[in-house]
Amino acid sequence: MRKAKWVAAAAGVVMLVAGCGGEGADKSGAGKGGSASAAPSASGGSGGSGSDGGKLDAAAVGKEIETAATVAGFSEDPSGDPVAPELKECMVSWAADSEKAADPKKSFADTVAGLTKGGWAEGQTFSQAGSEMKTLTKSNWTLKASGHLSGPLKVVLFVGTDTGPECAALFAADLEKNKKS
């Protein structure tokens with residue numbers, strides 16, 4: 001669990017440096033965090049899914065990430081940080097066990113390629129010192145794909161957030177609650 005929190009903090013710094021950390025932030029500060037429990041960007045997604053008008057839910061997003069990642073050679077890391085119960089309908093977190101992948105860099109690239117073939121639109125990309133972060137959007141979801149693949153600690157993490165108003169309110173409430181604790 002410590003590894004995932006460290007990676008989330010590192011991802012937040014990379015996102016801040018890359019300029020993708022505060023896009024679309026509302027006045028409550030949502031969208032300014034760098035951890036998996038931070039609020040998402042308020043920008044809308046592109047693409048669609050299913051016959052429900054294009055709106056995805058957390059289960060569908062989780063399945064799409066898992067399918068693309070496993071086809072690319074990843075298995076899920078069972079020690080990854082779980083999503084808080086009150087946010088489980090608005091957020092998906094999938095950590096790869098990158099040590100079991102034959103070539104984590106290739107598997108990361110192949111996972112992103114698989115997601116884009118599945119209708120996810122690739123947006124902003126940031127690379128620095130062996131770390132790569134990509135933003136993908138689909139329907140009402142934004143997905144941050146991060147691969148930190150240099151050095152002894154190799155971490156691949158996919159964090160999806162629903163950008164709808166109901167979830168934005170839940171993220172803001174969670175952020176406020178965590179400020180107090």
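The values are calculated or read from the model by the stated rules, or taken from the named source; none is laboratory data. Because the structure is predicted, anything quoted here is derived from the model rather than measured. Cβ coordinates were reconstructed from backbone atoms using ideal geometry, including for glycine residues, and neighbour counts include every protein chain displayed. The accessibility values were calculated without ligands, DNA or RNA, using every heavy atom of the protein model including side chains. Shrake-Rupley method; radii C 1.70, N 1.55, O 1.52, S 1.80 Å.
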(request) Could you grab me the full set of residues in the range 155-172 that are in a loop (DSSP other than H, G, I, E, B) and surrounded by fewer than 19 Cβ atoms within 10 Å (Cβ to Cβ)? (result) Gly164
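Each row is one residue, and each column tells you yes or no for (1) under 12 Å from the mean Cα position of the chain (by Cα); (2) of a type in the set (Phe, Trp, Tyr); (3) closer than 13 Å to Ala68 by Cα.
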| site | (1), (2), (3) |
| --- | --- |
| Ser107 | no, no, yes |
| Ser127 | no, no, no |
| Asn140 | no, no, no |
| Lys144 | yes, no, no |
| Leu149 | no, no, no |
| Gly160 | yes, no, no |
| Lys177 | no, no, no |
(request) Might you check whether a residue that is assigned to a loop (DSSP other than H, G, I, E, B), charged (D, E, K, R), open to solvent by 40 Å² or more (accessible area, probe 1.4 Å) and free of Cβ contacts under 8 Å to residues at least 40 places away in the same chain occurs anywhere in the range 119-127? (result) no
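With Ser181, Ser98 as the choices, which residue is open to solvent by 60 Å² or more (accessible area, probe 1.4 Å) and modelled with pLDDT under 95?
Only one candidate passes the filter, namely Ser181.
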(request) State whether the residues of the range 83-94 include one that is crowded, with 19+ Cβ neighbours inside 10 Å, of a type in the set (Phe, Trp, Tyr) and outside any strand (DSSP E or B). (result) no
(message) Can you find, within the range 53-69, the residue that is least open to solvent (accessible area, probe 1.4 Å) among those that are out of contact with any helix residue (DSSP H, G or I) (no Cβ under 9 Å at 6 or more places or on another chain) and over 18 Å from Gly164 (Cα atoms)?
(response) Glu66
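Do we have Ser107 as buried (at least 22 other Cβ atoms within 10 Å of the Cβ) and of a type in the set (Ser, Thr, Tyr) here?
yes
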(message) Quick check on the range 130-144: of everything there that is free of Cβ contacts under 8 Å to residues at least 60 places away in the same chain and of a type in the set (D, E, K, R), which residue is surrounded by the fewest Cβ atoms within 10 Å (Cβ to Cβ)?
(response) Glu132
